[in-house]
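Worksheet: one structure, shown below.
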Amino acid sequence: MKFRRGLGAGPAIAAALLALAWSAPLSAQATGRIQGTITDARTQQPLAAAAVTIQGTKIGTVTGEDGKYVLPNIEAGTHTIQVRRISYGSTSKPVTVVAGQTATADFALSEVAVSLDQVVVTGTAVASRKKEVGNSVGMVNADQIANAPVVNSQDVLAGRVASVTVLGNSGQPGAGGTVMIRGTNTISQSTYPLIYVDGVRVFNEPTRNGWGGRNNTNPLQNINANDIDHVEVIKGAAATTLYGTEASGGVIQIFTKRGVSGAPSWDVDVTQGFNDSNHWGDPDDPTNLWVDCNNTDLMYGLNLSTGEKKPFMDPTCPADGNWTVHGQIQRYGLSVRGGSDNVKYFVSGNYDQNEGMLPTQKARNGGVRANMTFAPSDKLSFTMSTAYTKLDNRWVGDGNNSEGFLLDVGRATATYLHGGKGHDCDNVPDGVYCVTNGYVFDQNNTTGSDHYLVGFTTNYAPLSNWNNKFSVGWDYTAIRNITNLPFGFLDTPLGYFWDENTRHTKLSLDYTGSLQNDFGKSLASTFSWGGQLFRDRHRWTEIDVQNFAGPVDPTLVTGAQLTYRDDIPFAETNAGFFLQEMLAWRDRLFVTGGIRVDGNSAFGDNFGLQVYPKLSVAYALSDYDWFPSAFDAFKLRAAVGESGKAPGAFDKLKSWQAETANEGDPGVRPDAIGNPDIGPERTQEIELGFDAGLFQGRLGLEATVFRATTREALVPVTLPPSGGFLSSRIENIGKLRNEGFEAQLNGSFIRTTDFEWSARANMTFMRSKALDLGEQKEVYTGLNSYIKQGDPFPSFYGKRVLNPDALGEQPMVATDTIQGNVNPDKLWGFGTTLTYKNALTLDVFFEHQGGFYIQNYTAYQNARRGVWYPCYATQQKMIQAAGPDGVLYNDDDNAGAIADVPALQLARCSADDYDIGFWTEKGDFTKLRYVTLTYALPSSLTPKILGANSASVTLSARNLFTWSSYHGGDPEVEDFTDQSNLVGVAGRFGRRDYYMMPSPRAYTLSVHLNF
Amino acid sequence: MNSIRKWIGLGTLVLLLPLGACNILDVESPGKITDDSLNDPDAFPSLVYGMSYNLANANDNVEEIQTLLSGEMWHGGSYDWGKIPRGIILPEDVDGAWSWMQQAQWVTDHGVERMQGVLTPEDFGSSALVAEAYLYGGFIDRLIGEVVCEAVIDSAAPQPNTVEFERAKEKFTKAIEIGTAAGLPASDPIILAAYGGRASVTAWLGDWAGAVADAQKVPAEFEFDAILNASANNSNTLAYETHARYEYTLWGTLFADHYGDPRVPWDTVFDEHGAVAVGANGSTPMFQQNKYDNEDDDIPLTHGTEMLVLRAEAALRTDGAAGIGEAIGLLNQARAVYDMSPLSTPGSLDEAWATLRYEREATVFLENRHLWDVRRWYEDTGPAHDNYLVDAADPGQEIRDSCIPISREERNSNPNVP
């Protein structure tokens, strides 16, 4: 189904954009008015954000905080009013409008765990009821996060949607995480899902945060959680076909809040709190990795030849004997929404500041957002969404970095920061090593990020059954990372300044049209078509300068030695169109078929367009009378579809790289051999599942099995180095398999007028297999991780002790064995909520990620240097056992000394035969992500608080407990600078904890007021 | 109404077809140099400078392995070098160094071919740039020949490493011939360096008389370097790893007993308490090399003092004990360049060889030459024989490796390598 030659990109673009001009003149009519209030049937409380529409038309609105709605300019006559709201069952009733008068229609909605009438838009071409959709759609709505201590959309997704993996990566405030959906289905390309905000595609790749911070900035951090109305997640190729070439990693679509008719409604949020550090390093290590810096009994390393203690002191240790602080957390949010019959608006602003758990750490995040809708008629509306977010973070050195906090503090006598300045060490006794780690805080590593997003959307429905939507989006991200060791820094006295800039612009044009027709009473059709064009411009530069003449504020010209490192600009385009037909039979059986045709500038010159087909079926069995009455809703669904992943921008090019030769001559050397035949990898996915609601909406269950097969996977083929080109050639030769099971359960087990106990859980089990990698059978993906034919991927490989528990025995070591998955393949999230009198709410949320391994480089590097306390006893025994020649397992050994030591411990603590394979550990963890207690003040009291309509107070604790067998600080961390730093360039998969800071606990108190 | 829509649609199609036909789907990649663009003669200088870059990079990347394997320095750091410090080297240990050497060789071979394909035979045969390219080609061939166990050239099957010496000799000869035809004077660095390079590979091919003839053309003070540049992506790694970090030390090496030799500059590093500082492994005393104390420091490829030592070795090989006087005289000429006192004449041929071996080791210290010396001296059955490759702790049992094997990457990707 692909056209390799002869069919150029032109027709695709032309066809994609042809539809943009498809429009028709306006018309308008109105004579009456409908108003009413929507309430919760159980609590009688008003419901905000309920969608009220007139059935069979495009006329509709959304309720405000008071649950009220108004539909103006309604033609006289009888209409059916339908009301939908997330987490509630939909309802409808007829209303008669008399010209010049106002009709009233109030509704009381009942909570349901699963609603098939809920509307989704992601992956469906046009807004569709969940009933009609043949694939699973993960959703998070504002209600679910209203009281949760979440700051941005990355936090919102963590643990709440089945098959979505969110790994936090770093304990530094402001650090971004890693997000994957349904695991990894690529070898050489980005695993990140596409991200849409209010229908506009945004830059979706994380960007590393420099040599100092060693974490990343993730685009999901730019969306304030308070602005989110709801999030839709579609997970695999069966659902993402209409997004085409770049969508096989899934799609996350975030909808921010909209304006509603009525007087301005103001929301104010104020949060204050503090961070508190968890234990550092091995939970059984009493030294706390010497973050407790004044405990003289524990402050020593070990001479691995003699077993003698090597005591050390740190005269720069704070007076309280610990490096950590209780950094303040502050968050402020203000938003207003309102509007008239024709114009609606939502405007918000926020400022957050998080000072972390170490001195000088500070993450500041602020932004404004404005959404405005203008509807001059019921056929035409214009929506503008715009947002600006600024991140301003200061990092303490972290990770694999000689100025990293934990790499120095946690290394005892092997720190790079020793000796101090001036008289620092005068009072350190002879024979005691003087470390001066306090100077680690002199560095000034920062990340500044500016993100602008503007989107204009026009909806035009010339006829009640014909709709057109056209969006233009512009997304701009600028990130500047600074690593600055100022003049006079302890181990770099002349100073060092490194400046990295990333700028990315994404322009998007997106048109979708749809035409609905009924063929008799039983059969209906919805035909959709559309075209999209996305143009990405990217530029990444890095420069460093060192050796400053004095204590100046460094710039790129004030140092004596300037090193030009890199400047990589590129621009690429993806354009395509789609056609989709959905046939509905008796509003119960829905069959949808479609194709997507794409061209992409990264395709090889010998490669043409790519066609992706899809087919899905949804069958609402609960609409039949014979279906068991316990089911309020039950839908079977099945979908098969394809989507792809484009090669890197440069993968097709045979190119040379400029280098500075001799003392400044311009030279070249081979860069990439290129592949003119390269195309996208294609993922075909089949998913089967059901959505069920039971027991009057009290229990909801959604379950899905999926199998994704990626063909023509882009495999980096190693070329003989003697052929001159040292980089791999990317070829479409691989075949990968991903499959799994996911389920989501929502239940309301006790539901009375005064009390409710509800719970929600999701779980995912995945497995992967590399089916075919061509002749080379394996691909190295960094940090001892490989993709090997026949094995799960990506996995760690290396040395493994075969007799780990054997006491006193020499470790039996297997080499080059598979150790386990790099990424989690078992996920679950569990949350439960208790609500009393609709005023007091306790919310608890647990998250588990399992089935993966992590490299504990902290322990590995420390143990072989004699500074890993949990090895001290073993190492003393090993020295004793080694005998006169100092070599273990010889005839002269005093073997009894290690008789009670397991072989794995001997391998891990060895100073001679060390290997990271011995420290590649299971990373499985369960975290108590948060506990919150919210008290909503009685309505009788709230007017006394500055005249508020409603007020609530929330007490939260985040990351309270972690259960894990991992011997490092936090199995969720990763030194992100290990990863590729370039967009569109093959990345690396290995994850390692290389002296990374663990996540802190955070305690906050929040006040929310509505006016 | 319908007809209006049709016209709008048709008009849009007409307007957009040129857009589709234009290059909007092309990837824009400023900064990427396409392969075709290098066929322009104006780009040839960049091609040849690139050869110099690659040659320097290859020398720099081989240096750590060569140094540890040959015993010039001892591993006192935290990097996991496998068993290389114990003299055992495996294919998976050498992917990087192997690759850089191979790329350097490929760019010179194919760069010369490219220039030959574009230039007229007359211009090609009288181009100083071509002479320079041949010179770099000769030095990379020599480096590969000296450090690898088997040669793999342009994805072909393995061949004996000595093939590289033959290729190098041919290239040095071309450099001399074409450089001379281009009007370069006999004193031009390209010509002198070509003679120096050819002298060494001629010796390794067994023609010591030919080697002496070339060596005599190189002045004692002459030096030709692989140029490293800290401001570029091509800095001196050993300088960084022994000064910014404490990864390698002279502790435990032959040179630890020769403090003060200006050819092997090193110093003990002390910590703030006056104790001897230790390497990054936390235990090995740090005897810091100072030959390269700056990341801009270049690596010599050939120099006049090396030529004098080569001639001294030729004298011992050719004349045996009768050549001792001449050899010591030549060594003293070399020592005079470093303001060192002259050696006294050894009493026996064995002593003379021991003296020569140290003098050569010191003269070419950290220049990627010592691994080849210990290899050829070990294989020599005459008085030049040296037992360095036999582990003193277990003589006759364990032989240290003396050359870099074909890398794992090359083995896995080259179907011609078994």
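Results, tabulated for the structure shown:
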quantity	calculated
Within 10 Å of each Cβ in B:42-52, the average number of Cβ atoms from other chains	5
Sequence of A:403, A:712, B:177 once ranked by neighbouring C-beta atoms within 10 Å, starting from the fewest	B:177, A:712, A:403
16 Å cut-off, amide nitrogen to a point 7 angstrom out along residue A:35 Cα→Cβ, residues in region A:262-293	A:262-264
Global geometry of region A:750-812, whether rounded, prolate or oblate, following the gyration tensor of its Cα atoms and the 1.5 cut on a/c	oblate
Ordering of A:511-520, A:675-684, A:776-785 by burial proxy (mean other Cβ atoms within 10 Å per residue, highest first)	A:675-684, A:776-785, A:511-520
Between region A:569-618 and region A:429-445, the alpha-carbon center distance in angstrom	59
Given charges at Cβ of Lys, Arg, Asp, Glu: chain A dipole, positive-most of A:230, A:326, A:963	A:230
Sorted by Cβ density within 10 Å, fewest first, the residues A:920, A:122, B:318	B:318, A:122, A:920
Size of electric dipole in region B:74-206: Cβ of Lys, Arg +1 and of Asp, Glu -1, about Cα centre, debye, nearest 20	320
Residue list for region A:471-488, given a label point 7 angstrom along the Cα-to-Cβ vector of residue A:537 and an amide N cut-off under 17 Å	A:473-479
Aspartates and glutamates with Cα under 15 Å of residue B:171, excluding same-chain neighbours fewer than 8 positions away	B:109, B:113, B:132, B:141, B:214
Estimated inter-spin distance, residue A:900 and residue B:113, nm [label 7 Å along Cα→Cβ]	6.9
R0 of 51 Å, Cβ-Cβ distance residue A:935-residue B:259: FRET efficiency to nearest 0.05	0.10
Rounded if a/c under 1.5, otherwise prolate or oblate - region B:228-310, Cα gyration tensor axes	oblate
Averaged over B:225-237, number of beta-carbon atoms from partner chains that fall within 10 Å	4
Expected-Rg normalisation [2.2 N^0.38 Å, Cα atoms] applied to region A:910-969	2.25
About the Cα centre, charge dipole magnitude for region B:228-286 (Lys/Arg +1, Asp/Glu -1 at Cβ), debye	160
Two-site label geometry, residue A:308 and residue A:586: point separation in nm, points 7 Å out along Cα→Cβ	9.1
Alpha-carbon Rg with Dmax, taken over region A:611-719, Å	25.7, 86
Zero-based 10 Å bins, Cα pair distances in chain A, whole percents	2, 10, 19, 23, 20, 14, 7, 3, 1, 0, 0
FRET efficiency estimate (nearest 0.05) - Cβ-Cβ, residue B:188 to residue A:427, R0 56 angstrom	0.35
Fully extended contour minus Cα-Cα distance, from residue A:839 to residue A:926, at 0.36 nm per residue	28.3 nm
Region A:736-799 versus region A:878-908: alpha-carbon centroid distance in Å	41
Kirkwood hydrodynamic radius (C-alpha pairs) into Stokes-Einstein, region A:834-964, 20 °C and 1.002 mPa s, D in µm²/s	111
Whole-Å semi-axes of the ellipsoid equivalent to region A:158-212 (Cα gyration tensor, √5λ, descending)	19, 15, 14
Computed lengthening from residue A:454 to residue A:759, 0.36 nm per intervening residue step minus Cα-Cα distance	106.0 nm
Computed [θ] at 222 nm, helices only, for the protein assembly as shown once each DSSP H run of length n ≥ 4 contributes -39500 (n - 2.57)	-5500 deg cm²/dmol
Ascending count of other beta-carbon atoms within 10 Å, so fewest first, for A:626, A:919, A:323, A:540	A:626, A:540, A:919, A:323
Efficiency of FRET from Cβ geometry, residue A:818 and residue B:403, R₀ 35 Å, rounded to 0.05	0.60
Gap separating the Cα centres of region A:994-1010 and region B:168-182, nearest whole Å	70
Of A:390/A:635; A:390/A:769; A:257/A:944; A:777/B:174; A:257/A:769; A:130/A:826, pairs whose Cα-Cα distance is over 32 Å	A:390/A:635; A:390/A:769; A:777/B:174; A:257/A:769
Angle in degrees between helix B:304-319 and the longest Cα principal axis of chain B, rounded to the nearest 10	50
Residue mean of other protein chain beta carbons inside 10 Å, B:405-415	4
Rounded, prolate or oblate (a/c below 1.5 giving rounded, otherwise prolate when a/b exceeds b/c) for chain B by Cα gyration tensor	prolate
Distance (nanometres) between label positions extended 7 Å along Cα→Cβ at residue B:351 and residue A:340	11.2
Region A:425-490: Rg to Rh, with Rh as the Kirkwood radius over Cα pairs	1.57
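Any read-out appearing in this document is the output of simple, stated calculations on the displayed coordinates, not a laboratory observation. Note that the structure is predicted; figures quoted are calculated from it, not measured. Neighbour counts are summed over all protein chains in view; Cβ atoms, including those assigned to glycine, are modelled from backbone coordinates with ideal geometry.
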